[in-house]
Structure formats: structure tokens, C-alpha cells
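The values are calculated or read from the model by the stated rules, or taken from the named source; none is laboratory data. A quick note: this is a predicted structure, and the numbers were derived from the prediction, not measured. Because the Cβ atoms are built from the backbone with ideal geometry, glycine has one as well, and the counts that use them run over all protein chains shown. Surface accessibility is based on the protein's heavy atoms, side chains included, excluding ligands, DNA and RNA. Shrake-Rupley method; radii C 1.70, N 1.55, O 1.52, S 1.80 Å.
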Amino acid sequence: DISLPYEKDKFEAILNEMIAKNALKEGGIYMQVTRGVAFRNFYFMENLTPSVFIFCYESEILNNPAAKTGIKVVSVEDIRWKRRDIKSISLLAQCYAKNEAHKKGADEGFMVENGFVTEGCSSSAFIIKDKTLITKPLSNEILPGIRRMRLLRIAKDIGLKIEERKFSMDEVYAADEVFISAATLILLPVIYADGKAINGAKVGEISSKLREIYASELLKEAGL
């Protein structure tokens with residue numbers, strides 16, 4: 001119920017201005033829109049002017065070293081609220097889960113609820129088994145990531161079967177390949193989950209191919 005203060009073209013112009021002013025060549029832009037300035041209250045106040053906050057940062061996205069070395073994940077409890085499909089600035093539960101994963105020496109956590117993986121702390125989670133890509137279906141239980149959507153399309157294009165269903169950590173351990181996706185990560189392969197080696201602790205061929213195709217598409221979209 002937030003009325004956006006600008007049309008799409010205006011937002012895009014602002015983002016391009018941010019890129020130019022910061023001479024950003026490779027990295028990310030973070031944009032946050034909140035309801036606006038008002039007296040403290042719990043209901044949605046009307047006739048507010050939304051506040052827009054934007055910053056950008058440099059990041060090695062295309063040549064992320066972790067894409068070649070792989071990452072480690074651990075399972076953590078999913079303690080989030082019930083509307084995870086909403087991209088909210090209230091990320092306390094995700095931060096707590098990510099910190100738990102960090103304390104265990106992992107790069108990311110796979111959040112688990114009722115015995116099944118929902119998603120990563122700050123990413124979407126995928127497994128590959130017998131040339132079938134498996135990921136949790138969209139619902140209020142996960143965030144509908146753009147990378148997730150694109151990767152499912154690319155997977156179909158290269159002939160993978162797609163299963164959008166729940167999967168357990170036992171299936172993660174037994175998977176042929178495991179990977180995560182996120183906005184500024186594209187795709188990162190998982191080689192260890194809860195200390196158990198995935199694919200002999202080697203980056204899988206399918207994960208690498210999916211990332212390569214996606215990266216190529218990003219370059220074309222950027223006119224590079």
C-alpha cells in the first residue's frame with residue numbers, strides 16, 4: 001500500500017545518475033522505499049510522501065572467486081514471520097540465521113522449517129539430482145528472487161527437468177550438485193553442507209554452465 005513517488009523511467013534515471021556519479025563499473029545498487037515521515041503509529045497513515053534511499057557499491061560479480069572454489073553452507077532454523085514473499089527491511093531473523101552460519105565457519109545458511117529447506121539466509125537454494133533441478137515452489141514462505149526465476153528458465157533451455165517442491169537437508173547431502181542464487185552473486189556452487197562434501201567437494205558442471213550462461217546474458221543486457 002505504498003504509493004511510489006516516481007514512475008519507472010524516473011527511478012531508472014536516478015539509478016543511472018548514481019552509477020555515473022560514483023563511476024561504478026561493476027557492483028550493485030540498493031534502493032529502499034519506506035512509507036514516509038510520520039508520528040509513531042502502528043497503522044498505515046495516509047497522504048505521506050514516501051522516503052527513498054539509494055546507495056551503490058563496488059563488487060566483483062562476474063569473476064567472484066567463490067564461483068570457482070565453491071562455498072560452504074550449514075543448516076539453521078528458520079524463525080521468520082509468515083510473509084517472507086514481501087521484500088521488507090525487517091531482516092532480523094535472516095541476520096540472526098546468517099550470524100549463526102558465520103559462527104560455524106560457513107558462507108551461507110540453509111534455513112530449515114518442519115524438516116525442509118525454505119531458502120538461504122540471503123539467497124535462493126537449489127539442488128540438482130539426476131539432471132533434475134529442484135527448488136521450493138513460490139509461496140508466502142520464500143522470497144521470489146529474480147535470479148531464481150531466470151535460472152529456472154535457463155535450466156529448461158539446457159534440457160534440465162524442473163521440480164518445484166520441498167526438499168530436506170538429507171537430499172542436499174545426497175545431491176549431485178547444490179547451489180545458491182542472489183542478486184549480486186548470480187550463482188555460487190555449494191561444495192560442503194553441514195560438513196558433508198557435495199560432488200566430492202568439487203564445483204559441478206551443470207552449476208558452472210548455468211552461471212556461465214546467466215553471466216553472458218547479463219553482459220548482453222548491459223551492452224557489453
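Of all residues in region 1-22, exactly one satisfies the criterion of being of a type in the set (S, T, N, Q) and either in contact with a Leu (Cβ under 8 Å, 6 or more places away or on another chain) or closer than 16 Å to V33 by Cα (or both), namely S3. For region 198-222, name all the residues that are open to solvent by less than 50 Å² (accessible area, probe 1.4 Å) and either in contact with a strand residue (DSSP E or B) (Cβ under 7 Å, 6 or more places away or on another chain) or assigned to a strand (DSSP E or B) (or both). Residues satisfying the conditions are I198, A201, V203, G204, I206, S207, L210, R211, Y214, A215.
Out of the residues in region 19-77 that are over 30 Å from Y192 (Cβ atoms) and assigned to a helix (DSSP H, G or I), state the one that is most open to solvent (accessible area, probe 1.4 Å).
Our first condition is that a residue be over 30 Å from Y192 (Cβ atoms); within region 19-77, this holds for 19-25, 29, 31-56.
Checking which are assigned to a helix (DSSP H, G or I) leaves us with 19-21.
Numbers: I19: 62, A20: 77, K21: 157 Å².
Once the filter is applied, the top-ranked residue is K21.
Could you pull out the residue among S75, S88 that is out of contact with any Phe, Trp or Tyr (no Cβ under 6 Å at 6 or more places or on another chain) and of a type in the set (S, T, Y)?
Numbers: S75 fails: out of contact with any Phe, Trp or Tyr (no Cβ under 6 Å at 6 or more places or on another chain).
Of S75, S88, the one residue that is out of contact with any Phe, Trp or Tyr (no Cβ under 6 Å at 6 or more places or on another chain) and of a type in the set (S, T, Y) is S88.
For F42, the criteria (1) in contact with a Ser or Thr (Cβ under 8 Å, 6 or more places away or on another chain); (2) at pLDDT below 95; (3) not small (G, A, S) hold in every case but one, which is (1).
Counting only strands (runs of 3 or more DSSP E) that sit completely within region 80-192, those holding 3 or more residues that are under 18 Å from G204 (Cα atoms) and either open to solvent by less than 50 Å² (accessible area, probe 1.4 Å) or of a type outside the set (S, T, N, Q) (or both) correspond to 124-129, 132-135, 177-182.
Yes or no: V178 within 20 Å of I142 (Cβ to Cβ) and β-branched (V, I, T)? Outline the logic, then answer.
Numbers: within 20 Å of I142 (Cβ to Cβ): yes; β-branched (V, I, T): yes.
Answer is yes for this residue.
Can you say whether A155 is under 27 Å from S90 (Cα atoms), among the small types (G, A, S) and in contact with a helix residue (DSSP H, G or I) (Cβ under 7 Å, 6 or more places away or on another chain), as far as the supplied structure shows? Outline the logic, then answer.
Values: under 27 Å from S90 (Cα atoms): no; among the small types (G, A, S): yes; in contact with a helix residue (DSSP H, G or I) (Cβ under 7 Å, 6 or more places away or on another chain): yes.
Taking the combined requirement at face value, the residue does not satisfy it.
Annotation note: Cβ proximity below 9 Å between a residue of region 195-224 that is under 14 Å from I154 (Cβ atoms) and of a type in the set (V, I, T) and a residue that is open to solvent by 40 Å² or more (accessible area, probe 1.4 Å) and not in a helix (DSSP H, G or I) (sequence gap 6+ or interchain) occurs for I206/K131; I206/I158; I206/D176; I213/I158.
Looking at S75, is it over 15 Å from the mean Cα position of the chain (by Cα) and modelled with pLDDT under 95?
Numbers: over 15 Å from the mean Cα position of the chain (by Cα): yes; modelled with pLDDT under 95: no.
No: the conditions fail for S75.
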